[in-house]
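Reviewing the structure listed below.
The values are calculated or read from the model by the stated rules, or taken from the named source; none is laboratory data. Note that the coordinates shown come from a computational prediction; the quantities given were computed from them, not determined experimentally. Backbone-built Cβ (ideal geometry, glycine too); neighbour counts: all protein chains shown.
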Amino acid sequence: MKTYDLIVIGGGRASNLAVAAAQAGKKVALIEKSKLGGTCPNRGCVPSKLLIGYAEVARSIRESGRHHIDSTINSINVEQMIRETNEWSSQVDGRYASRHPERLDLYRGHGSFASDYVVEVNGQQLTSLQIVIATGARPRAAPVAGIPAWTSDDLFPLKGDVPNSITIVGGGFIAAEIANFFDAVGIPTTVLVLEDGLVQIEDHDIAEVFTAQFSKYVDTRLGVSIESVEHDGTQFSMKLSNGDSHQSEALFYAIGRVLNTDNIGLENTTMKRDERGGVIRDEYLETSVPGVYAIGDAGTAVQLQHIASREQEFLQRRLLKNDDSPIEYGAIGHAVYSHPEIGSVGLTEQQAEKSGRRYVCVLQDWLASARAMSTRLDYPRTKLIVDVDTYEIIGCHLIGPESSTMIHQIMMLMHLKNDIRELPAMIHIHPALPEALMTAANAAIAKIESQKES
């Protein structure tokens, strides 16, 4: 049995912790069963966003008519787009491995707990009094066995020919982003959604706008599921719950993700888990076993890469610099990189209703900004949810171009001094897009003051 100062299970963001610990002089074991870098750069957020760049250009050409420009697309080389994206992802593992110092031992295999402080990999047993679980999550498999349906793990990297048509099952952000790409580059795309709308975890007003706009471009069928499906070697034939028959060359499932904590031997330990299978942690990310920590999807209910990144940075300070302060997250934002784009932070109105706080809501268009007007789009909206008593921003939700960028102004305000009155107090560049945030803030302030006067 080999003894280490630190064992890290999972070579995604947590590999940065492993490298830092080894550079600090600790003897470190890093266990990774697939590619270093984890889901995000290999088969998740990075390659999917590279594809979205192509989609945005294609859509801007197709939609140039609203700017009185007559343009056509002569050809789209989808194969080259996929090839370049695959090439970028293929280099990730090597880039991560090249950073490993001598005191870091990399084990390429599946790590599993034999007991609280013993991990087995490739027939070997490793032990340490400090272990970090960073095993991430995987796409939920297609509910029908024996058919070559895809998940995101099959798309990145995509092997074989680009399909001539694709059906996507699911209504979340992965389905919306992947469907946006394929539809934008000219591949007939159908989205089957069991719910009555898309991106249902978003604020209901934003989700309603998104569903209406997205459905203008992509064949979106709400309240529909697949009752049966067959594959004849070249295409899928589906019977839908609404009685329709449907066919496509590819079938892609985006129906959620499963935590990888289900197969790492936690039953051999005394670690406590929640109903999702996630490892329960305290405010220091420590599990019920002293010295054993869980970060990223393994422990948090919020499956976002930037959460995993923050947590490994926290453990670097705690384990290597003896920082004894608890972790703080502040305002956690997220985005949906589709068409249209969403940026969001804080509570939705649905969540605010359950919080017991007194609040006001403002849903405002962006037409106060000439820069927004220049897009010739009428759907962009700002949804602000503000506490009546404290003027704190409870939530902010944007839909429109550059929403993922604009939301950072709100996130910064919530992080530094969460008072909506600070937003219009700052001089905004005229006529930039963020002026739309300023007018929404003024409307929220006026609504609060009107309530207090009455």
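Which of (1) under 27 Å from E63 (Cβ atoms); (2) surrounded by 17 or more Cβ atoms within 10 Å (Cβ to Cβ); (3) of a type in the set (A, V, I, L, M); (4) in contact (Cβ under 8 Å) with a residue 60 or more places away in the chain is the odd one out, the single condition L384 does not satisfy?
The number of the failed condition is (1).
Give the range 414-439 a look and list any residue that's part of a loop (DSSP other than H, G, I, E, B), among the aliphatic types (A, V, I, L, M) and closer than 9 Å to S369 by Cα, or say none. Steps first, answer last, please.
Going through the range 414-439, the residues part of a loop (DSSP other than H, G, I, E, B) turn out to be 417-421, 426-434.
When the remaining residues are screened for being among the aliphatic types (A, V, I, L, M), the result is 420, 426-427, 429, 432-433.
Residues satisfying the conditions are A432, L433.
Evaluate the range 143-159: report whether one residue or more is closer than 30 Å to D365 by Cα, within 22 Å of the chain's Cα centre (by Cα) and at pLDDT 95 or above.
Looking for residues that are closer than 30 Å to D365 by Cα, within 22 Å of the chain's Cα centre (by Cα) and at pLDDT 95 or above, one finds none in the range 143-159, hence no.
Hey, can you tell me all the residues within the range 38-61 that are among the charged types (D, E, K, R) and modelled with pLDDT under 95?
Taking the range 38-61 and keeping what is among the charged types (D, E, K, R), we get 43, 49, 56, 59.
Within the range 38-61, R43, K49 meet the criteria.
Among the residues of the range 352-367, what is the count of those that are crowded, with 17+ Cβ neighbours inside 10 Å and within 15 Å of A432 (Cα to Cα)?
Selection size over the range 352-367: 2.
What are the residue pairs meeting all of these: first residue in the range 317-343, first residue without any contact (Cβ under 8 Å) to a residue 40 or more places away in the chain, second residue among the charged types (D, E, K, R) and not in a helix (DSSP H, G or I), Cβ atoms under 7 Å, and 6 or more apart or on different chains?
These pairs meet every condition: R317/D323.
Only one of (1) among the acidic types (D, E); (2) touching a Ser or Thr at 6+ places or on another chain (Cβ under 7 Å); (3) more than 30 Å from A294 (Cα to Cα); (4) assigned to a loop (DSSP other than H, G, I, E, B) is not met by E195, so which one is it?
Answer for E195: the failing condition is (2).
Just one of (1) within 23 Å of the chain's Cα centre (by Cα); (2) aromatic (F, W, Y); (3) surrounded by 14 or more Cβ atoms within 10 Å (Cβ to Cβ) trips up Y284, so point out which.
Exception for Y284: condition (1).
Does S215 fit the bill of being without any contact (Cβ under 8 Å) to a residue 24 or more places away in the chain and either under 30 Å from G53 (Cβ atoms) or not assigned by TED's automatic domain parsing to the domain that holds N77 (or both)?
Working: without any contact (Cβ under 8 Å) to a residue 24 or more places away in the chain: yes; either under 30 Å from G53 (Cβ atoms) or not assigned by TED's automatic domain parsing to the domain that holds N77 (or both): yes.
The answer is yes for S215.
When the residues of the range 74-108 are narrowed to those that are out of contact with any helix residue (DSSP H, G or I) (no Cβ under 8 Å at 6 or more places or on another chain), without any contact (Cβ under 8 Å) to a residue 40 or more places away in the chain and part of a helix (DSSP H, G or I), which ends up surrounded by the most Cβ atoms within 10 Å (Cβ to Cβ)?
R83
Is there a residue being farther than 25 Å from T300 by Cβ, out of contact with any Leu (no Cβ under 8 Å at 6 or more places or on another chain), of a type outside the set (A, V, I, L, M) and surrounded by 20 or more Cβ atoms within 10 Å (Cβ to Cβ) anywhere in the range 154-177?
Looking for residues that are farther than 25 Å from T300 by Cβ, out of contact with any Leu (no Cβ under 8 Å at 6 or more places or on another chain), of a type outside the set (A, V, I, L, M) and surrounded by 20 or more Cβ atoms within 10 Å (Cβ to Cβ), one finds at least one in the range 154-177, hence yes.
Note down all Cβ pairs under 6 Å where the first residue falls in the range 42-70 and is among the small types (G, A, S), the second is not in a helix (DSSP H, G or I), and they're at least six residues apart or on different chains.
Pairs that qualify, where the first residue is among the small types (G, A, S) and the partner is not in a helix (DSSP H, G or I), are A58/V185; S64/S71.
Let me confirm something: among I264, I307, I295, which residue is on the phi < 0 side of the Ramachandran plot, touching a residue at least 60 places away in the same chain (Cβ under 8 Å) and within 19 Å of the chain's Cα centre (by Cα)?
Exactly one residue qualifies, and that residue is I295.
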